[in-house]
1. Looking at the stretch 88-115, which of its residues are more than 16 Å from ligand 1 (Cβ to nearest atom), free of Cβ contacts under 8 Å to residues at least 40 places away in the same chain and of a type in the set (Asp, Glu)?
2. Can Gly101 be described as assigned to a loop (DSSP other than H, G, I, E, B) and on the phi > 0 side of the Ramachandran plot?
3. Looking at (1) within 23 Å of Lys318 (Cβ to Cβ); (2) touching a Phe, Trp or Tyr at 6+ places or on another chain (Cβ under 6 Å); (3) not aliphatic (A, V, I, L, M), find the lone condition where Glu217 falls short.
4. So Asp50 ticks every box in (1) without any contact (Cβ under 8 Å) to a residue 60 or more places away in the chain; (2) in contact with a strand residue (DSSP E or B) (Cβ under 8 Å, 6 or more places away or on another chain); (3) assigned to a loop (DSSP other than H, G, I, E, B); (4) not basic (Lys, Arg) but one. Which box is left unticked?
5. Among the residues of the stretch 220-238 satisfying the criterion of being within 16 Å of ligand 1 (Cβ to nearest atom) and among the hydroxyl-bearing types (Ser, Thr, Tyr), which is farthest from the chain's Cα centre (by Cα)?
6. Report, by residue number, each residue of the stretch 264-285 that is hydrophobic (A, V, I, L, M, F, W, C), within 24 Å of Ile111 (Cβ to Cβ), more than 14 Å from ligand 1 (Cβ to nearest atom) and surrounded by fewer than 24 Cβ atoms within 10 Å (Cβ to Cβ).
7. Output the number of residues of the stretch 82-122 satisfying the condition of being more than 25 Å from Ala272 (Cβ to Cβ), exposed (fewer than 15 other Cβ atoms within 10 Å of the Cβ) and either basic (Lys, Arg) or within 16 Å of ligand 2 (Cβ to nearest atom) (or both).
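The values are calculated or read from the model by the stated rules, or taken from the named source; none is laboratory data. What you are looking at is a predicted structure, and each value in this text was computed from that prediction instead of being measured. So basically every Cβ, Gly included, is an ideal-geometry build from the backbone, and we count neighbours across all protein chains shown.
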Amino acid sequence: MAEISVIEHIHSMQLKWSPTATGQFTSLLHDLILSAKIISRSVTKAGLVDILGGTGNINVQGEQVQKLDDFANSVMIYRMKNCGVVCALGSEEEEELVVVGSPKERGNYVIFFDPLDGSSNIDANVSIGTIFSIYRVEDDTELTKENVLRKGAEQAAAGYFLYGPSTIMVYSTGHGVYGFTLDPSVGEFLLSHDNIKIPENGKYFSANLANYGKWSEQDQKAADSFVQGGYSLRYVGSLVADFHRTLLYGGIFSYPADSKNAKGKLRLLYEANPLSFLMEQAGGLALNGSGDRVLEIVPEHIHTRTAFLFGSKNDVEKYRSVFE
Ligand code: AHM
Ligand code: MG
């Protein structure tokens, strides 16, 4: 069987869906993939070199910054700033939007990313990942907050890299979801999951049940229906890993608002939006705490948070039926 590399795949999708493309997008993905390979190399060696543990700093979210978080963020910022096609970027680890290049010479892409999702799991060798969300802007678009912080439905592409037993890349440009596994012997991501579709029903329920007492009565009832309804519990605590399992096996993930996080914990621009884009492309649902599509939320600021419910169509509908 001919093995298809991710760049070959992106190129063929471009020819099919955007035949007049300039090559900027392929170039952006190329640099994104290079960043992930560099991060993956360090994640794999983490126990051998002095890169585990905290930096002693607290980030913009008020969380401890791990050395690997810091490293992954610098790799992503450096590559995205220098790839020549990005005009603005937003990272979980940066307080503000970073504008890149001069107004006369700038690329047409805005990227948001969580450089290393699941940081609390780093030192325990549990799967972590990098999540990205990409928007296209026209040459003459002024890079104001209103023009840059757009709803997720307008994403040009989204995806993630999962650093697990193998390193996997999953992406979508709005024409299906595709997965690639890094083959270390050739240093390339090769197509391993063609046109992924999530099963309509699953058997796994995923939530931080230790927060149960802080949830609304309806979220508690919805969770009860799965816990008592023959589902198995799965919760890694790395969103990207919980998402990947749900995408492949089906089931449901819920991180509702609670009395501690009134607007939810997970971040819209670089966690919920890209994953919702993939989930819908795979045939599943992704909703906020009001039961509306995450992809329709207009962000207030770069670190806007949201309640997040996603998974198999029938399971998400079952969860929401409690709210009717
Ligand atoms: P991070 O991006 O700083 O790692 O934080 C987000 C993580 C998600 O990966 C995960 O779904 C969630 O936080 C886990 O939260 P909790 O520990 O409250 O269950
Ligand atoms: Mg995260």
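1. So the first thing to find is which residues in the stretch 88-115 are more than 16 Å from ligand 1 (Cβ to nearest atom), and the list is 88-89, 96-111.
If we keep only those that are free of Cβ contacts under 8 Å to residues at least 40 places away in the same chain too, we end up with 89, 98, 100-106, 110.
Of everything in the stretch 88-115, just one residue is more than 16 Å from ligand 1 (Cβ to nearest atom), free of Cβ contacts under 8 Å to residues at least 40 places away in the same chain and of a type in the set (Asp, Glu), namely Glu105.
2. Values: assigned to a loop (DSSP other than H, G, I, E, B): yes; on the phi > 0 side of the Ramachandran plot: yes.
Answer is yes for this residue.
3. (2)
4. Looking at each condition in turn, Asp50 falls short on (2).
5. Restricting attention to the stretch 220-238, the residues satisfying the condition of being within 16 Å of ligand 1 (Cβ to nearest atom) are 223, 233-238.
Those left that are additionally among the hydroxyl-bearing types (Ser, Thr, Tyr): 235, 238.
Values: Tyr235: 17, Ser238: 11 Å.
Of everything passing the filter in the stretch 220-238, Tyr235 is farthest from the chain's Cα centre (by Cα).
6. Step one: list which residues in the stretch 264-285 are hydrophobic (A, V, I, L, M, F, W, C), which gives 266, 268-269, 272, 275, 277-279, 282, 285.
If we keep only those that are within 24 Å of Ile111 (Cβ to Cβ) too, we end up with 266, 268-269, 272, 275, 277-279, 282.
Now restrict to residues that are more than 14 Å from ligand 1 (Cβ to nearest atom): 277-279, 282.
Ala282, the sole residue that qualifies.
7. Of the residues in the stretch 82-122, 1 are more than 25 Å from Ala272 (Cβ to Cβ), exposed (fewer than 15 other Cβ atoms within 10 Å of the Cβ) and either basic (Lys, Arg) or within 16 Å of ligand 2 (Cβ to nearest atom) (or both).
Yes or no, residue by residue, for (1) more than 16 Å from ligand 2 (Cβ to nearest atom); (2) modelled with pLDDT of 95 or more; (3) more than 30 Å from Lys260 (Cβ to Cβ); (4) touching a His at 6+ places or on another chain (Cβ under 7 Å):
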site: Tyr178; (1), (2), (3), (4): yes, yes, yes, yes
site: Val186; (1), (2), (3), (4): yes, no, yes, no
site: Ser192; (1), (2), (3), (4): yes, yes, yes, no
site: Pro199; (1), (2), (3), (4): yes, yes, yes, no
site: Phe205; (1), (2), (3), (4): yes, yes, no, no
